[in-house]
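Report on the following structure.
The values are calculated or read from the model by the stated rules, or taken from the named source; none is laboratory data. Because the structure is predicted, anything quoted here is derived from the model rather than measured. Quick reminder, even Gly has a Cβ in these numbers, built from the backbone with ideal geometry, and neighbours come from all protein chains shown. Note: areas computed on protein heavy atoms with side chains; ligands, DNA, RNA excluded. Shrake-Rupley method; radii C 1.70, N 1.55, O 1.52, S 1.80 Å.
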Amino acid sequence: MLEHLPRWLGALLHDVRAGASKLTIVDPALGDFAALNLASPAFADGARLPERFTADGTGVSPPLYWTGVPAGTESLALVVEDPDAPAAQPLVHAIVWGMPPSTDQLREGAIQADGDGALDGSDVGRNSYLREGWLPPDPPSGHGEHRYVFQLFALGPGEDLDPTPGRGAVVHAMAGRVLAAGLLTATYSRDEPADIGPVGSAVPSPA
């Protein structure tokens, strides 16, 4: 949707951004937690997101890998947000809730609408357009570079959620039970000079 904004309007809104201080991972309700390692073989941390994962390409979700999930983890959750969206709150691009602690990756294209959830008990939540699945990045032309922040949480015991949860319900359910979290950032822009950056992962791909 935002890709259809005219460039002049995107430039006018250049300084209107939600802000990184509103990302899920910095919500004080989550408390203190350790770090885990989150990476992708498709892009390095801080590098440009390849076009195929955006609204300018096929729009599939990127592959992710992680290590360092602590003992005592009951489930994993992923939240992907754009803090540079011209809105009051970061734009939610994906939620995956209830992944088993043994999970160590999401393959390319894995974040899709799944109705009542996957066979392993995990579920895909609602993005900011109130739809299940991956919302491909589509920043306005002229608005500058946007950051897409992938946030993975290792959770201790706690309440379950209904299928297709939204961001508010997820943050509420995670309060006080985050054992560890990892962060990975990609960037994307339209009609702007772009440094593609290195491609690769700091985390070896599981066999």
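Here are the numbers for this structure:
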{"item": "The range 96-113 residues that are on the phi > 0 side of the Ramachandran plot, paired with ones that are hydrophobic (A, V, I, L, M, F, W, C) and open to solvent by 30 Å² or more (accessible area, probe 1.4 Å) (beta carbon under 6 Å, 6 or more apart)", "result": "Gly109/Val60"}
{"item": "Qualifying residue in the range 136-143 (condition: within 20 Å of Leu106 (Cα to Cα) and of a type in the set (D, E, K, R))", "result": "no"}
{"item": "Single condition Leu155 does not satisfy, out of (1) touching a helix residue (DSSP H, G or I) at 6+ places or on another chain (Cβ under 9 Å); (2) open to solvent by 50 Å² or more (accessible area, probe 1.4 Å)", "result": "(2)"}
{"item": "Identity of the residue in the range 82-112, acidic (Asp, Glu) and in a loop (DSSP other than H, G, I, E, B), that ends up farthest from Pro50 (Cα to Cα)", "result": "Asp104"}
{"item": "Tally, over the range 158-179, of residues that are surrounded by fewer than 21 Cβ atoms within 10 Å (Cβ to Cβ), within 20 Å of Ala35 (Cβ to Cβ) and in contact with a strand residue (DSSP E or B) (Cβ under 7 Å, 6 or more places away or on another chain)", "result": "2"}
{"item": "Selection within the range 59-97 - within 15 Å of the chain's Cα centre (by Cα), open to solvent by less than 50 Å² (accessible area, probe 1.4 Å) and not hydrophobic (A, V, I, L, M, F, W, C)", "result": "Gly59, Ser61, Pro62, Pro63, Tyr65, Glu81, Asp82, Pro83, Asp84, Pro90, His93"}
{"item": "Sole exception among (1) among the polar types (S, T, N, Q); (2) surrounded by 18 or more Cβ atoms within 10 Å (Cβ to Cβ); (3) at pLDDT below 95; (4) over 18 Å from Val69 (Cβ atoms) for Thr187, by number", "result": "(3)"}
